[in-house]
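J.: Sharing a structure here in structure tokens format.
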Amino acid sequence: MKKDICCIGHLTRDKIVTPHSTVYMAGGTSFYFSYALSHLPKEVSYELVTKLGADDMKTVNDLRLAGVDVKAFPSRHTVFFENVYGENPDDRSQRVLAKADPFCIDELRDEEARVYHLGSLLSDDFPIELVLYLAGKGQVSIDAQGYLREVRGEKVYPTDWQDKREILSLTDVMKVNEHEMEVVTGLSDPHEAALQLAGWGVGEVLVTLGASGSLILADGQFYDIPAYRPHKVIDATGCGDTYMAGYLWCRCRGMSYAEAGRFAAAMCTLKLEHSGSFDRTADDVRRVIQEASEPSRQVC
């Protein structure tokens, strides 16, 4: 049966260090993306395709218990990240302590979806041949973060990625943050960077700007999306993945670019308030948006 969304990405083992705590937990783009969707109404069908080591299959079982349809392939290792945050949750340093095997076309031949979301963690997760293959089957959605991570030893360094222009010409939806957009385009202004990405072929460009909100460029029009103030900031890990989950869920339901962006931003607000994945409801998300519509409470 054809799914609305198929996320392809590695599950990870994460060590998350903040000024307040050190936590060991499962993670990765596909982890946060999947759990976020699991808490939204099942009006959008979803499947996760992942790879991980045999010792970490409990993470897959937990996802299935949460109602996520998961297809898991074996890997020699599971990706192991260490994320260290400062007082500003937008500041993060990383180390990669283990890598998983990349995905290949044979693993995706039986997958049928309207949207394939590539949850990249490292630059070699998805060979270009696989991206070309998926673009021939459905829309391609990309989170740029993994494509821009080069691992040297255990340290992670920002880098542009090989075959960028060819991949972007096939990309329907792409998310970058303010740092990633500058690496990809060489431009520091979000509007100029979004225009450059659109010029290279990206259909819907999403630029997340932390506490300053986000920017969407689609069909030649810009949409400024506010950030909604959380009651407290606990853990920013997975916020970008939560944003993408909310945005694609809304778009698959036929919602406008602006509506999808606001819903995604409000999901991030709720995610910021605790460690772990998004665990609230669509009604909670709508409540954040509604309360912020009062002029005295709006955060721009």
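J.: Would you pick out the residues in segment 44-83 that are assigned to a helix (DSSP H, G or I) and open to solvent by less than 20 Å² (accessible area, probe 1.4 Å)?
T.: Scanning segment 44-83 gives Val60, Leu63.
J.: For segment 84-105, how many residues meet the condition of being of a type outside the set (Phe, Trp, Tyr), outside any loop (DSSP other than H, G, I, E, B) and in contact with a strand residue (DSSP E or B) (Cβ under 8 Å, 6 or more places away or on another chain)?
T.: Final tally of qualifying residues: 8.
J.: Lys137 versus (1) in contact with a His (Cβ under 9 Å, 6 or more places away or on another chain); (2) of a type in the set (Lys, Arg); (3) open to solvent by less than 50 Å² (accessible area, probe 1.4 Å): which is the lone unmet condition?
T.: So Lys137 meets the others, but not (1).
J.: Is segment 184-199 home to any residue that is surrounded by 17 or more Cβ atoms within 10 Å (Cβ to Cβ) and within 13 Å of Ala265 (Cα to Cα)?
T.: No: zero hits.
J.: Quick check, is Asp143 touching a residue at least 60 places away in the same chain (Cβ under 8 Å), in contact with an Asp or Glu (Cβ under 9 Å, 6 or more places away or on another chain) and within 24 Å of Ala260 (Cβ to Cβ)?
T.: Answer is yes for this residue.
J.: Against the condition in contact (Cβ under 8 Å) with a residue 60 or more places away in the chain, open to solvent by less than 40 Å² (accessible area, probe 1.4 Å) and under 25 Å from Ser30 (Cβ atoms), how does Ala282 come out, does it pass?
T.: yes
J.: Also: Look at segment 56-92 and say how many of its residues are free of Cβ contacts under 8 Å to residues at least 24 places away in the same chain and more than 30 Å from Met1 (Cα to Cα).
T.: 2
J.: Residues of segment 95-129 being within 19 Å of the chain's Cα centre (by Cα), closer than 24 Å to Tyr247 by Cβ, open to solvent by less than 30 Å² (accessible area, probe 1.4 Å) and not small (Gly, Ala, Ser), which ones?
T.: Phe103, Val115, Tyr116, His117, Leu118, Leu121, Leu122, Asp125, Phe126
Here is a yes/no grid of residues against (1) under 12 Å from the mean Cα position of the chain (by Cα); (2) of a type outside the set (Ser, Thr, Tyr):
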| position | (1), (2) |
| --- | --- |
| Gly9 | yes, yes |
| Thr22 | no, no |
| Gly27 | yes, yes |
| His39 | no, yes |
| Val44 | no, yes |
| Glu47 | no, yes |
| Asp55 | no, yes |
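J.: Would you mind stating whether Gly276 is under 19 Å from the mean Cα position of the chain (by Cα), farther than 25 Å from Arg114 by Cα and at pLDDT 95 or above?
T.: no
J.: Moving on. Looking at Ala292 and the list (1) open to solvent by 20 Å² or more (accessible area, probe 1.4 Å); (2) modelled with pLDDT under 95, which single condition is not satisfied?
T.: Unmet condition: (1).
J.: Return the residues of segment 151-176 that are in contact (Cβ under 8 Å) with a residue 40 or more places away in the chain and either charged (D, E, K, R) or open to solvent by less than 40 Å² (accessible area, probe 1.4 Å) (or both); say none if nothing qualifies.
T.: Selection gives Glu154, Lys155, Val156, Asp172, Val173, Lys175.
J.: What are the residues in segment 254-279 that are surrounded by fewer than 19 Cβ atoms within 10 Å (Cβ to Cβ) and farther than 27 Å from Asp62 by Cα, if any?
T.: Result: Gly254, Met255, Ser256, Ala258, Glu259.
J.: Go through Ser75, Ser45 for me and flag whichever is in contact with an Asp or Glu (Cβ under 6 Å, 6 or more places away or on another chain), small (Gly, Ala, Ser) and closer than 27 Å to Val202 by Cα.
T.: Ser45
J.: So, one more: What tally of residues in segment 1-40 results from selecting those that are part of a strand (DSSP E or B), β-branched (Val, Ile, Thr) and either in contact (Cβ under 8 Å) with a residue 60 or more places away in the chain or surrounded by 24 or more Cβ atoms within 10 Å (Cβ to Cβ) (or both)?
T.: Total meeting the criteria: 6.
J.: Here's another thing I want to ask about it. Going through Ala236, Ala227, Ala266, Ala245 one at a time, which residue ends up being in contact (Cβ under 8 Å) with a residue 40 or more places away in the chain and part of a helix (DSSP H, G or I)?
T.: Sole residue among the options that is in contact (Cβ under 8 Å) with a residue 40 or more places away in the chain and part of a helix (DSSP H, G or I): Ala245.
The values are calculated or read from the model by the stated rules, or taken from the named source; none is laboratory data. These numbers come from a predicted model, not from an experiment. Glycine also receives a Cβ, built like all others from the backbone with ideal geometry; neighbour counts cover every protein chain displayed. Accessible surface areas use protein heavy atoms only, side chains included; no ligands, DNA or RNA. Shrake-Rupley method; radii C 1.70, N 1.55, O 1.52, S 1.80 Å.
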